[in-house]
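Some notes on the structure that comes next.
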Amino acid sequence: MTTNTPKSWFITGASRGLGVRWAEAALSRGDRVAATARSANALRPLVESYGDLVLPLELDVTDEAAVHQAIETAEDRLGGIDILVNNAGQAVMGAIEEVSAAQARVQMEVNYFGALYATQAVLPHMRERRSGRIIQISSMGGVIATPVMGTYHATKWALEALSQALAAEVSEYGVHVTLIEPLTFPSELGTPAPQMPEYDHARKALMAGFEGTGIAPGDPAAAAQAMLAVADDPNPPLRVLFGANGLKLLRPEYARRIALWEEWDHLARLAQGTSPA
């Protein structure tokens, strides 16, 4: 892929937040975008601004058949999808006991299964062409887990595992997979669960965990330019953080994991038992 060749994108959740910014960035340079949202009306501003470069599609990503149909429509109308961006997402903020099973299930349906459906739908076409990009919108919460965000982070950990395996499976066919892990950006994503006073300490712990890290809300316009850079790079990374200073949280987190495994390695060996010679 080269930057002077127009590309065709399929972006879920393209009516607001970072999704619309990424769509606008692609469209503003002459790329074509199949933009999806739960309501077609929400996509009118994109169509009004960019006309025929936009293919607006009303889509609920939890409907597997509808996702496959939308991918086929975009493949036909755009002459193929070069870049799939699985961006549609939902976040319920609450301690594990506060979040209902129904809320947790819906989160998983949107954040994990929605991405799975679109990925499975586009792969036969990308394999046949021996080219393509699948960009999964994960989170810094896809590699760490914090108090009162556990059910949301669980969906992103699932997406991370899926995508790491996928990358190894499809590299043979010239298909690249990238997990974008945003830190904090202005968003309408979050919905709070009913709060129990028993978990006020956990909410305080969440805030305390970010003190001194230098992590602050990022600029969506800058994130759009970073997205284009990922899409255009001939050898994109499997994982990339979007936002500064995330490594200040990740380095100690992974150091603690290794230290804990080492501390309890005697139990690992105990569980092994006696191996055959």
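Whole angstrom only: what separates the Cα centroid of region 80-118 from the Cα centroid of region 200-277? Each part reduced to its Cα centre gives a spacing of 20 Å. For the chain, averaging the sequence separation of C-alpha pairs within contact (under 8 Å, six or more residues apart) and dividing by the residue count gives a relative contact order of 18 percent.
What FRET efficiency would be calculated for the residue pair GLU48, THR73, taking the C-beta separation as r and a Förster radius of 25 Å, to the nearest 0.05? The computed FRET efficiency comes out at 0.75.
Across ARG38, ARG16, the residue with the most accessible area heads the list, and the full order at a 1.4 Å probe is ARG38, ARG16. Here the label points at MET196 and ALA208, each 7 Å from Cα along the C-beta direction, are separated by 2.0 nm in the simple model. Coordinate range of the alpha-carbon atoms in region 204-277 per principal axis, descending: 58, 40, 14 Å.
Computed over neighbours whose Cβ is under 15 Å from that of GLU181, the net charge equals +2, Lys and Arg +1, Asp and Glu -1.
Here the convex hull built on the C-alpha positions of region 1-133 has a volume of 110 cubic angstrom per residue.
I'd like to check one number: the per residue accessible area of the chain, probe 1.4 Å, reported in Å² as a whole number. For the chain, the per-residue accessible area is 51 Å².
Between the helical axis of 200-210 and the longest alpha-carbon principal axis of the chain there is an angle of about 70 degrees. Note on ASP233 and SER39: their simple-model spin labels are 3.6 nm apart, each label 7 Å out from Cα toward Cβ. Taken over the chain, the percentage of Cα pairs per 10 Å bin, counting from 0 up to the bin with the maximum distance, is 6, 27, 33, 20, 9, 3, 0, 0.
Shown for the chain: the carbon plus sulfur share of the solvent-accessible area, taken with all protein chains present and a 1.4 angstrom probe, equals 55%.
Amide H contacts of ARG38: LEU59, each under 5 Å away and 5 or more positions distant or on a separate chain (H built 1.01 Å from N in the peptide plane; Pro and chain starts excluded). According to the square roots a ≥ b ≥ c of the eigenvalues of the Cα gyration tensor, what is the shape class of region 146-277, taking rounded for a/c under 1.5, prolate for a/b larger than b/c otherwise, and oblate for the remainder? Here region 146-277 falls in the oblate category. Label-to-label distance, GLU263 versus SER28, with points set 7 angstrom from Cα along the beta-carbon direction: 4.8 nm. The slack in the chain from SER100 to GLN225, taken as 0.36 nm per residue of separation less the alpha-carbon distance, amounts to 41.3 nm.
The values are calculated or read from the model by the stated rules, or taken from the named source; none is laboratory data. Note that this is a predicted model, so its numbers are computed, not measured. Neighbour counts are summed over all protein chains in view; Cβ atoms, including those assigned to glycine, are modelled from backbone coordinates with ideal geometry. In case anyone asks, the SASA skips ligands and DNA or RNA and just uses the protein heavy atoms, side chains included. Shrake-Rupley method; radii C 1.70, N 1.55, O 1.52, S 1.80 Å.
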